[in-house]
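Everything below concerns the one structure shown next.
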Ligand code: ADP
Ligand code: MG
(Lines give C-alpha, C1' and ligand atoms only; values in the text may rest on other atoms or scores of the structure.)
(Ligands and ions follow the chains in the order given, each with its own letter.)
Protein backbone atom coordinates (compact mmCIF):
# COMPACT_ATOMS: atom_id res chain seq x y z
CA UNK A 1 0.00 0.00 0.00
CA UNK A 2 1.32 3.40 -0.95
CA UNK A 3 4.89 4.16 -1.92
CA UNK A 4 6.83 5.96 0.79
CA UNK A 5 6.57 9.73 0.54
CA UNK A 6 10.31 10.14 0.10
CA UNK A 7 10.00 13.87 -0.67
CA UNK A 8 9.03 14.45 2.94
CA UNK A 9 12.00 15.56 5.04
CA UNK A 10 12.82 13.97 8.37
CA UNK A 11 11.45 15.61 11.45
CA UNK A 12 13.75 18.36 12.78
CA UNK A 13 15.33 17.15 16.02
CA UNK A 14 15.30 17.81 18.81
CA UNK A 15 11.95 19.55 18.87
CA UNK A 16 11.29 21.82 21.85
CA UNK A 17 7.97 20.05 22.54
CA UNK A 18 9.70 16.70 22.81
CA UNK A 19 12.35 17.81 25.24
CA UNK A 20 10.15 17.21 28.30
CA UNK A 21 11.86 14.71 30.53
CA UNK A 22 8.85 12.98 32.03
CA UNK A 23 7.97 9.57 30.67
CA UNK A 24 4.24 9.59 30.04
CA UNK A 25 4.24 5.92 29.13
CA UNK A 26 6.51 3.12 30.25
CA UNK A 27 6.17 -0.41 28.98
CA UNK A 28 8.10 -3.01 30.99
CA UNK A 29 8.78 -6.55 29.94
CA UNK A 30 5.43 -6.78 28.18
CA UNK A 31 4.35 -10.17 26.86
CA UNK A 32 1.29 -11.71 25.25
CA UNK A 33 0.73 -15.35 24.59
CA UNK A 34 -2.34 -16.24 22.55
CA UNK A 35 -4.04 -19.56 23.00
CA UNK A 36 -4.59 -20.92 19.52
CA UNK A 37 -6.22 -24.14 20.67
CA UNK A 38 -9.64 -25.22 19.59
CA UNK A 39 -12.25 -25.47 22.30
CA UNK A 40 -11.43 -28.22 24.84
CA UNK A 41 -13.99 -30.65 23.36
CA UNK A 42 -12.78 -30.27 19.77
CA UNK A 43 -9.21 -30.57 20.99
CA UNK A 44 -9.89 -33.79 22.89
CA UNK A 45 -11.91 -35.31 20.05
CA UNK A 46 -9.31 -34.35 17.44
CA UNK A 47 -6.51 -35.46 19.81
CA UNK A 48 -4.63 -32.19 19.39
CA UNK A 49 -2.23 -30.68 21.91
CA UNK A 50 -2.71 -27.15 23.18
CA UNK A 51 -1.15 -24.63 20.81
CA UNK A 52 0.05 -21.17 21.81
CA UNK A 53 1.66 -18.22 20.08
CA UNK A 54 4.03 -15.79 21.79
CA UNK A 55 2.84 -12.69 19.89
CA UNK A 56 4.72 -10.22 22.10
CA UNK A 57 7.77 -11.10 24.19
CA UNK A 58 9.84 -9.03 26.63
CA UNK A 59 8.99 -5.66 25.11
CA UNK A 60 10.16 -2.58 27.04
CA UNK A 61 10.22 1.06 25.98
CA UNK A 62 9.21 4.47 27.26
CA UNK A 63 7.68 7.57 25.66
CA UNK A 64 8.46 11.09 26.81
CA UNK A 65 5.60 13.51 27.18
CA UNK A 66 5.05 15.50 23.97
CA UNK A 67 7.04 13.12 21.79
CA UNK A 68 6.19 10.51 19.19
CA UNK A 69 7.38 6.94 19.58
CA UNK A 70 7.14 4.81 16.47
CA UNK A 71 6.74 1.05 16.41
CA UNK A 72 7.87 -0.40 13.12
CA UNK A 73 8.09 -3.95 11.85
CA UNK A 74 6.60 -6.24 9.27
CA UNK A 75 3.05 -7.51 9.36
CA UNK A 76 2.49 -10.00 12.19
CA UNK A 77 5.44 -8.80 14.29
CA UNK A 78 3.19 -7.89 17.23
CA UNK A 79 2.78 -4.11 16.84
CA UNK A 80 -1.02 -4.02 17.14
CA UNK A 81 -0.96 -6.40 20.08
CA UNK A 82 1.39 -4.01 21.91
CA UNK A 83 -0.92 -1.10 21.03
CA UNK A 84 -3.96 -2.98 22.30
CA UNK A 85 -2.24 -3.86 25.58
CA UNK A 86 -1.20 -0.23 26.04
CA UNK A 87 -4.76 0.88 25.30
CA UNK A 88 -6.24 -1.62 27.71
CA UNK A 89 -8.03 -3.67 25.04
CA UNK A 90 -5.91 -6.82 25.38
CA UNK A 91 -4.82 -8.29 28.71
CA UNK A 92 -1.04 -8.87 28.84
CA UNK A 93 0.19 -12.29 29.96
CA UNK A 94 3.13 -10.57 31.64
CA UNK A 95 4.77 -7.21 32.19
CA UNK A 96 3.52 -3.74 32.98
CA UNK A 97 2.08 -0.74 31.20
CA UNK A 98 2.71 2.36 33.31
CA UNK A 99 0.76 5.43 32.29
CA UNK A 100 2.07 8.47 34.11
CA UNK A 101 3.48 6.09 36.73
CA UNK A 102 0.25 4.11 37.23
CA UNK A 103 0.08 0.47 36.14
CA UNK A 104 -3.00 0.51 33.97
CA UNK A 105 -3.55 -3.20 34.48
CA UNK A 106 -3.28 -3.19 38.26
CA UNK A 107 -6.50 -3.72 40.19
CA UNK A 108 -5.95 -0.44 41.99
CA UNK A 109 -5.79 1.64 38.80
CA UNK A 110 -8.69 4.03 38.24
CA UNK A 111 -9.48 2.85 34.71
CA UNK A 112 -12.10 5.50 34.04
CA UNK A 113 -9.66 8.28 34.97
CA UNK A 114 -6.94 6.66 32.83
CA UNK A 115 -9.37 6.11 30.00
CA UNK A 116 -10.04 9.86 29.79
CA UNK A 117 -6.40 10.61 29.17
CA UNK A 118 -5.83 8.68 25.96
CA UNK A 119 -7.55 7.79 22.70
CA UNK A 120 -6.92 5.46 19.78
CA UNK A 121 -6.97 5.92 16.01
CA UNK A 122 -7.07 2.86 13.76
CA UNK A 123 -6.09 2.14 10.18
CA UNK A 124 -9.65 1.75 8.99
CA UNK A 125 -11.85 4.59 10.20
CA UNK A 126 -14.86 2.39 9.44
CA UNK A 127 -13.73 0.19 12.32
CA UNK A 128 -14.41 3.05 14.72
CA UNK A 129 -17.01 5.10 12.84
CA UNK A 130 -20.51 3.67 12.97
CA UNK A 131 -21.85 4.27 9.42
CA UNK A 132 -25.38 4.95 10.72
CA UNK A 133 -24.32 7.84 12.92
CA UNK A 134 -23.85 11.45 11.91
CA UNK A 135 -20.43 13.01 12.36
CA UNK A 136 -21.78 15.04 15.28
CA UNK A 137 -22.96 11.93 17.09
CA UNK A 138 -19.72 10.06 16.34
CA UNK A 139 -17.64 12.83 17.87
CA UNK A 140 -19.98 13.30 20.82
CA UNK A 141 -20.07 9.63 21.80
CA UNK A 142 -16.72 9.36 23.62
CA UNK A 143 -17.60 12.51 25.58
CA UNK A 144 -20.77 10.85 26.79
CA UNK A 145 -19.14 7.47 27.48
CA UNK A 146 -16.38 9.13 29.48
CA UNK A 147 -18.76 11.47 31.28
CA UNK A 148 -16.92 14.50 30.02
CA UNK A 149 -19.74 16.79 29.05
CA UNK A 150 -22.14 18.41 31.49
CA UNK A 151 -24.77 19.63 29.03
CA UNK A 152 -25.98 19.41 25.44
CA UNK A 153 -24.65 22.86 24.66
CA UNK A 154 -21.24 21.90 26.01
CA UNK A 155 -21.25 18.75 23.86
CA UNK A 156 -22.21 20.78 20.78
CA UNK A 157 -19.44 23.25 21.51
CA UNK A 158 -16.88 20.49 21.92
CA UNK A 159 -17.97 18.79 18.69
CA UNK A 160 -17.71 22.08 16.77
CA UNK A 161 -14.27 22.75 18.26
CA UNK A 162 -13.05 19.26 17.37
CA UNK A 163 -14.23 19.69 13.77
CA UNK A 164 -12.46 23.05 13.50
CA UNK A 165 -9.26 21.46 14.76
CA UNK A 166 -9.22 18.99 11.87
CA UNK A 167 -10.15 21.74 9.39
CA UNK A 168 -13.71 20.56 8.81
CA UNK A 169 -16.86 22.71 8.78
CA UNK A 170 -19.94 22.82 11.04
CA UNK A 171 -21.94 21.61 8.01
CA UNK A 172 -19.96 18.36 8.05
CA UNK A 173 -21.49 17.56 11.43
CA UNK A 174 -24.82 16.67 9.81
CA UNK A 175 -23.32 14.20 7.31
CA UNK A 176 -22.57 10.46 7.52
CA UNK A 177 -19.15 8.78 7.16
CA UNK A 178 -19.87 7.45 3.65
CA UNK A 179 -20.28 11.01 2.38
CA UNK A 180 -16.56 11.62 2.90
CA UNK A 181 -13.30 10.51 1.27
CA UNK A 182 -10.89 8.18 3.09
CA UNK A 183 -8.70 11.07 4.21
CA UNK A 184 -11.70 13.03 5.49
CA UNK A 185 -12.95 9.97 7.34
CA UNK A 186 -9.61 9.71 9.08
CA UNK A 187 -9.96 13.41 10.01
CA UNK A 188 -13.31 12.58 11.58
CA UNK A 189 -11.64 9.76 13.54
CA UNK A 190 -9.00 12.25 14.70
CA UNK A 191 -11.67 14.80 15.67
CA UNK A 192 -13.43 12.06 17.63
CA UNK A 193 -10.17 11.22 19.39
CA UNK A 194 -9.44 14.88 20.15
CA UNK A 195 -12.88 15.80 21.49
CA UNK A 196 -12.11 14.37 24.92
CA UNK A 197 -8.86 16.39 25.03
CA UNK A 198 -6.58 13.40 25.62
CA UNK A 199 -2.86 13.70 26.37
CA UNK A 200 -1.87 10.53 24.60
CA UNK A 201 -3.03 9.04 21.30
CA UNK A 202 -2.30 5.53 20.10
CA UNK A 203 -2.31 5.50 16.30
CA UNK A 204 -2.30 2.04 14.69
CA UNK A 205 -1.42 2.44 11.01
CA UNK A 206 -3.47 5.66 10.82
CA UNK A 207 -2.64 6.43 7.19
CA UNK A 208 -1.90 3.00 5.72
CA UNK A 209 -5.21 2.85 3.85
CA UNK A 210 -4.78 6.30 2.27
CA UNK A 211 -3.24 7.55 -0.98
CA UNK A 212 0.24 9.00 -0.55
CA UNK A 213 -0.78 12.66 -1.00
CA UNK A 214 -3.63 12.27 1.47
CA UNK A 215 -1.31 10.40 3.86
CA UNK A 216 0.97 13.44 4.01
CA UNK A 217 -1.97 15.76 4.76
CA UNK A 218 -3.21 13.61 7.62
CA UNK A 219 0.30 13.16 9.05
CA UNK A 220 0.98 16.90 8.87
CA UNK A 221 -2.32 17.56 10.60
CA UNK A 222 -1.30 15.11 13.35
CA UNK A 223 2.00 16.92 13.77
CA UNK A 224 0.34 20.34 13.92
CA UNK A 225 -2.09 19.08 16.54
CA UNK A 226 0.80 17.65 18.54
CA UNK A 227 2.59 20.99 18.53
CA UNK A 228 -0.61 22.83 19.41
CA UNK A 229 -1.76 20.59 22.25
CA UNK A 230 1.47 18.94 23.40
CA UNK A 231 0.11 15.50 22.48
CA UNK A 232 2.11 12.34 22.97
CA UNK A 233 1.83 9.69 20.25
CA UNK A 234 2.47 5.99 20.00
CA UNK A 235 2.52 5.60 16.23
CA UNK A 236 2.44 2.21 14.60
CA UNK A 237 3.41 1.88 10.97
CA UNK A 238 5.11 -0.54 8.64
CA UNK A 239 6.01 2.46 6.44
CA UNK A 240 9.50 3.76 7.20
CA UNK A 241 8.87 7.08 5.43
CA UNK A 242 5.92 7.72 7.74
CA UNK A 243 8.05 6.77 10.73
CA UNK A 244 10.87 9.07 9.64
CA UNK A 245 8.46 11.94 9.08
CA UNK A 246 6.75 11.63 12.45
CA UNK A 247 8.87 10.04 15.13
CA UNK A 248 11.33 11.23 17.73
CA UNK A 249 12.17 7.70 18.86
CA UNK A 250 11.45 4.31 17.38
CA UNK A 251 11.38 0.66 18.24
CA UNK A 252 11.80 -2.09 15.67
CA UNK A 253 9.78 -5.27 16.21
CA UNK A 254 10.49 -8.70 14.81
CA UNK A 255 8.50 -11.79 15.73
CA UNK A 256 7.15 -10.26 18.93
CA UNK A 257 10.44 -8.84 20.16
CA UNK A 258 11.87 -5.35 20.17
CA UNK A 259 15.16 -5.91 18.36
CA UNK A 260 16.31 -2.29 18.28
CA UNK A 261 15.17 0.99 19.83
CA UNK A 262 16.40 4.55 20.16
CA UNK A 263 16.48 7.97 18.56
CA UNK A 264 14.59 7.73 15.24
CA UNK A 265 17.18 9.42 13.08
CA UNK A 266 20.04 7.47 14.62
CA UNK A 267 18.32 4.12 14.14
CA UNK A 268 17.16 4.92 10.59
CA UNK A 269 20.51 6.36 9.49
CA UNK A 270 22.66 3.69 11.11
CA UNK A 271 20.62 0.61 11.96
CA UNK A 272 22.54 -1.79 14.19
CA UNK A 273 20.38 -4.89 14.02
CA UNK A 274 20.48 -7.04 10.86
CA UNK A 275 16.67 -7.14 10.78
CA UNK A 276 16.45 -3.33 10.78
CA UNK A 277 19.00 -3.22 7.97
CA UNK A 278 17.02 -5.72 5.97
CA UNK A 279 13.83 -3.79 6.60
CA UNK A 280 15.46 -0.60 5.35
CA UNK A 281 16.99 -2.28 2.35
CA UNK A 282 13.51 -3.46 1.34
CA UNK A 283 12.44 0.18 0.92
CA UNK A 284 13.69 1.78 -2.30
P1 LIG B 1 1.13 -6.57 13.55
O2 LIG B 1 0.22 -5.51 14.06
O3 LIG B 1 2.58 -6.25 13.71
O4 LIG B 1 0.82 -6.94 12.14
P5 LIG B 1 -0.30 -8.29 15.41
O6 LIG B 1 -0.02 -7.76 16.76
O7 LIG B 1 -1.61 -7.96 14.80
O8 LIG B 1 0.90 -7.89 14.42
O9 LIG B 1 -0.17 -9.88 15.45
C10 LIG B 1 0.94 -10.55 16.00
C11 LIG B 1 0.70 -12.04 15.95
O12 LIG B 1 -0.34 -12.38 16.86
C13 LIG B 1 0.22 -12.53 14.59
O14 LIG B 1 0.80 -13.79 14.36
C15 LIG B 1 -1.28 -12.63 14.76
O16 LIG B 1 -1.81 -13.61 13.90
C17 LIG B 1 -1.41 -13.03 16.20
N18 LIG B 1 -2.67 -12.55 16.81
C19 LIG B 1 -3.07 -11.26 16.92
N20 LIG B 1 -4.24 -11.17 17.56
C21 LIG B 1 -4.61 -12.44 17.88
C22 LIG B 1 -5.74 -13.03 18.56
N23 LIG B 1 -6.71 -12.26 19.07
N24 LIG B 1 -5.76 -14.37 18.69
C25 LIG B 1 -4.77 -15.14 18.22
N26 LIG B 1 -3.69 -14.66 17.58
C27 LIG B 1 -3.60 -13.33 17.40
MG1 MG C 1 -1.24 -4.36 13.04
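The values are calculated or read from the model by the stated rules, or taken from the named source; none is laboratory data. In this text, all values refer to a predicted model and were calculated from it rather than measured experimentally. Every residue, glycine as well, gets a Cβ built from its backbone with ideal geometry; the counts of neighbours run over all protein chains shown.
A few notes on this one:
- Helices (runs of 4 or more DSSP H) contained entirely in the range 211-284, each with at least 3 residues that are in contact (Cβ under 8 Å) with a residue 40 or more places away in the chain and out of contact with any strand residue (DSSP E or B) (no Cβ under 8 Å at 6 or more places or on another chain): 212-229, 240-246
- Evaluation of residue 155 against (1) in contact (Cβ under 8 Å) with a residue 12 or more places away in the chain; (2) closer than 20 Å to residue 86 by Cα (one fails), failing number: (2)
- Scope the range 258-277; condition over 18 Å from the mean Cα position of the chain (by Cα) and within 16 Å of ligand 1 (Cβ to nearest atom); matching residues: 259, 260, 275, 276
- Subset of the range 205-231 [at pLDDT 95 or above and within 22 Å of residue 89 (Cα to Cα)]: 231
- As for the range 188-201, it holds no residue that is within 16 Å of ligand 1 (Cβ to nearest atom) and within 19 Å of residue 79 (Cα to Cα).
- Top-ranked residue of the range 193-203 - restricted to ones that are at pLDDT 95 or above and surrounded by 22 or more Cβ atoms within 10 Å (Cβ to Cβ), ranked as farthest from ligand 2 (Cβ to nearest atom): 201
- One residue stands out in the range 220-238 among those that are within 16 Å of ligand 1 (Cβ to nearest atom) and buried (at least 24 other Cβ atoms within 10 Å of the Cβ): the one that is nearest to residue 196 (Cα to Cα), namely 234.
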